[in-house]
Amino acid sequence: MGISNKNEQYQSNGVEQKKGFMKKKFVMPHIYVILVAMLVVAYVATLLVPSGQFSREKGPTGADVLVPGTFEVTKKVYLSITDLLFAIPTGLIQASEIFFGILMIGGMFAVFERTGIIELGISKLATLFSNRGILIIPFLMIPLALLTAFTGSVELVLVYVPVFIPLMLKLGYDRVTGAALALISTIAGFTIALTAPATVGLAQKLVEVELYSGMGFRSVMFAVILIIGIVFLWRYAVKVKKNPQLSLVYGDTHIDDEFKVNFTKVDKATTRQLLASFVLLIGVIVMIYGLINLDWYFKELAGLYAVLGIVVGLIAGLKPDVIASSFNDGFKNIILGAAVVGIARAISVILAQGQIIDTIVHGLGQIVTMMPHSITPIIMMVVQALLNFVIPSATGQAMISMPIMGGLADISGVTRQTAVLAYQIGDGFSHIFYPTSGYFMATLALAKIPYNKWIKFILPLMVIWYLVSAIFLVIAQTMNW
């Protein structure tokens, strides 16, 4: 009897262990692990891919651009293990401007939270949409997308997310909805930009197309892409509100609590809070002006964020020590996203030191020339999307690729305007997919959303967007746009 019980117990445990083993799911590694693995792959690529270089000359903006047809294989550059070891600190140094800009965003918002003005704003929106909460998705996404389409200031998503997540939680949705509301709308505007100087403006200059021309076709495409994004997020939000267990971050109540605002304590705004809000509005206007007219980047933005945090905090009545401790708390909350930028930059460092970036560009260009002319714009889009992993800067990618793509367009019978659109699409959407995109990874860190869960959420939309974009590129090719 005893032996039988033991055997049954052993068999039962074995079945349970086997079932437990079978139920075990793949767990996405930490983002640091993913990036370091990519760094090693990049290092191995420098050992196998020939070194090469294009000639360069001054372009319309005064920066160096590639000269098509001048690629030459150069003496092979072999990197040492020490080059691999030093790549991460080198990447952090090269990305220091972005690193500190992201830190200042976290610090500034931590101060704003202490002042209570964020809670007041969220309270007003939550009250306004209390009985029609789902309408807040198009209400916020449309203006955000338009702003980005005209300015190209996609990094502003880091400003939106800390406000949207508490608002979405209050209305019964989840953190993914809050982050996606900002990311989807801004990337739709950034990708199908209408007048963004640093993307469509620069690309058109490099291929000598009239500045901001073709806006009518892009406007139609922008509307279609944005509507698809709104419907996609709308469906997810409705599903989560009906059944919270369907949320991709279901069970993370301890994390949600960090974002939730206690609305029972939100009173009418004080005179100090109203004045602080007005100063904050002036600061946002200054920031937009600087981005559009003064070519501000993270260095200038970091200074503005620091000043805004201090001035708004003082006007709202916070003591200097409280402001200082708030900045410190904000730094802690955002440090992961800031560090990811530097580690991701290390991949580009290795590829550049191994002198294989030009070789990759040349090889992808050869692929484009081998394809049927009818699908050349689609191949251009795919090539640009692949390049964006290696060169996550939209401006940098334009400087490197557009002189080549402009020449390939002439050879293959594709209009240069269509080549610019292929660049916009290939570069744009992937910014909220690749872990080498600094501002995107910083946004996920700010929202405390694991990378693997975000990919599970966004992948269907990416597929739809690219398919629709391919159709638009074929239409542009057919009508000789």
Self-check item: Distance violations [Cα-Cα > 29 Å] among Lys76/Lys453; Lys124/Lys456; Lys241/Lys332; Lys205/Lys453; Lys205/Lys456; Lys239/Lys448
Solution: Lys76/Lys453; Lys124/Lys456; Lys241/Lys332; Lys205/Lys453; Lys205/Lys456
Quiz item: Residues with beta-carbon under 15 Å from that of Pro138, excluding Pro138: net charge, scoring Lys, Arg +1 and Asp, Glu -1?
Solution: +2
Quiz item: Nearest 0.05, what FRET efficiency do Lys242 and Lys268 give at R0 = 35 Å with Cβ-Cβ as r?
Solution: 0.55
Self-check item: Inter-part distance where segment 104-130 and segment 168-204 are each reduced to a Cα centre, Å
Solution: 20
Quiz prompt | Interatomic Cα distance distribution for the chain, bins of 20 angstrom, percent | solution = 22, 52, 22, 4, 0
Practice problem: Compute the distance in nm between two label points, each set 7 Å from the Cα along the Cα-to-Cβ direction, one at Val220 and one at Thr195. | Solution: 2.2
Self-check item: Among 241-254, 99-112, 158-171, 384-397, the order from most to least packed when residues are scored by Cβ within 10 Å on average
Solution: 99-112, 158-171, 384-397, 241-254
Practice problem: Please name whichever of Gly178, Thr253, Leu275 sits farthest to the positive end of the charge dipole of the chain, dipole taken about the Cα centre and charges placed at Cβ: Lys and Arg +1, Asp and Glu -1. | Solution: Thr253
Quiz item: In what sequence, highest mean first, do 466-477, 428-439 appear when ranked by Cβ atoms within 10 angstrom?
Solution: 428-439, 466-477
Quiz item: So what's the net charge close to Asn243: Lys and Arg +1, Asp and Glu -1, counting the other residues with Cβ under 15 Å from its Cβ?
Solution: +3
Self-check item: CD proxy at 222 nm, helix term only [per DSSP H run n ≥ 4: -39500 (n - 2.57); per residue of the chain; nearest 500]
Solution: -24500 deg cm²/dmol
Quiz item: If you find the alpha carbon centre of segment 207-236 and of segment 426-460, how far apart are they in angstrom?
Solution: 20
Quiz item: What is the dipole size for the chain, taken about its Cα centre, with +1 at each Lys and Arg Cβ and -1 at each Asp and Glu Cβ, in debye to the nearest 20?
Solution: 1440
Practice problem: For His30 and Ser213, compute 0.36 nm times the residue count separating them, minus their Cα-Cα distance, and round to one decimal in nm. | Solution: 61.5 nm
Quiz prompt | Whole-Hz couplings from phi, Karplus 6.51/-1.76/1.60, listed for segment 203-220; x for Gly and Pro | solution = 4, 5, 5, 5, 9, 6, 9, 3, 4, 6, 6, x, 5, x, 5, 5, 5, 5
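Computed from the coordinates by the stated procedures, all read-outs in this text should not be read as laboratory data. No experiment lies behind these values; they were computed from the predicted model shown. Heads up, the Cβs are rebuilt from the backbone with ideal geometry, glycines too, and the neighbour counts pull from every protein chain shown.
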